[in-house]
Amino acid sequence: MPTSELIAKAAEVLETFRLAGLRLATAESCTGGMVASALTAVAGSSAVVERGFVTYSNEAKTEMLGVAADLIAAHGAVSEAVARAMAEGAIAHSHADVAVAVTGIAGPGGGSADKPVGLVHFARAARDGATIHRREVFTGDRDAVRCQAAATALALLPQQPPPT
């Protein structure tokens, strides 16, 4: 269940997008649907949320979002390239105007020297617009990393929603 802080941030996002007449999609890996859950916890979210993809496995990223398997093989699932492809794939496989994607290593295992536990890549894509990327390394346990990642994904959205 999303925290009250996440739900409050989601409400801000929804209002911004509702006023702009934009629809939203999510593509989530390490957050496992937390972003979509926070958004849909707000009454009236159906006016904005078009759909959410939980693509935890590499196969799901490929099958549901069209992320090329060779892109994942070359860069790893937790990478800028894959986050961008996830966001762009969510746009391509939905009717949304804007999509946000999250892929990371929540821990406690799975990290390496190059990709430590807490590393999360984000991307926001717009239909007929640019894709932006953000990289963060969060601290704390698995729940803390996932909550920080969901909050960061939401923070990418209300900042000047791209025009359609």
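The values are calculated or read from the model by the stated rules, or taken from the named source; none is laboratory data. Bear in mind the structure is a predicted one, so any value in this text is a computation, not a measurement. Cβ sites come from the backbone with ideal geometry, for glycine too, and all protein chains shown count toward neighbours.
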Inset, instruction - Determine, yes or no, whether G129 is modelled with pLDDT under 95 and either among the aliphatic types (A, V, I, L, M) or in contact with a Ser or Thr (Cβ under 9 Å, 6 or more places away or on another chain) (or both). - result: yes
Legend entry - Entirely in the range 83-144, the strands (runs of 3 or more DSSP E) that have 1 or more residues that are surrounded by 24 or more Cβ atoms within 10 Å (Cβ to Cβ) and of a type in the set (S, T, Y): 98-104
Inset, instruction - Could you check A113 against (1) modelled with pLDDT under 95; (2) within 18 Å of L22 (Cβ to Cβ) and say which number it fails? - result: (2)
Legend entry - Among (1) at negative phi; (2) touching a helix residue (DSSP H, G or I) at 6+ places or on another chain (Cβ under 7 Å) - the single one A43 does not satisfy: (2)
Legend entry - Pair list, Cβ under 6 Å, 6 or more apart: the range 51-71 residue hydroxyl-bearing (S, T, Y), other residue outside any strand (DSSP E or B): T55/S29; T55/K61; T55/M64; T55/L65; Y56/S29; T62/A69
Legend entry - Spans of helices (runs of 4 or more DSSP H) in the range 4-80 with at least 1 residues of a type in the set (G, A, S) and under 17 Å from the mean Cα position of the chain (by Cα): 4-20, 34-40, 58-65
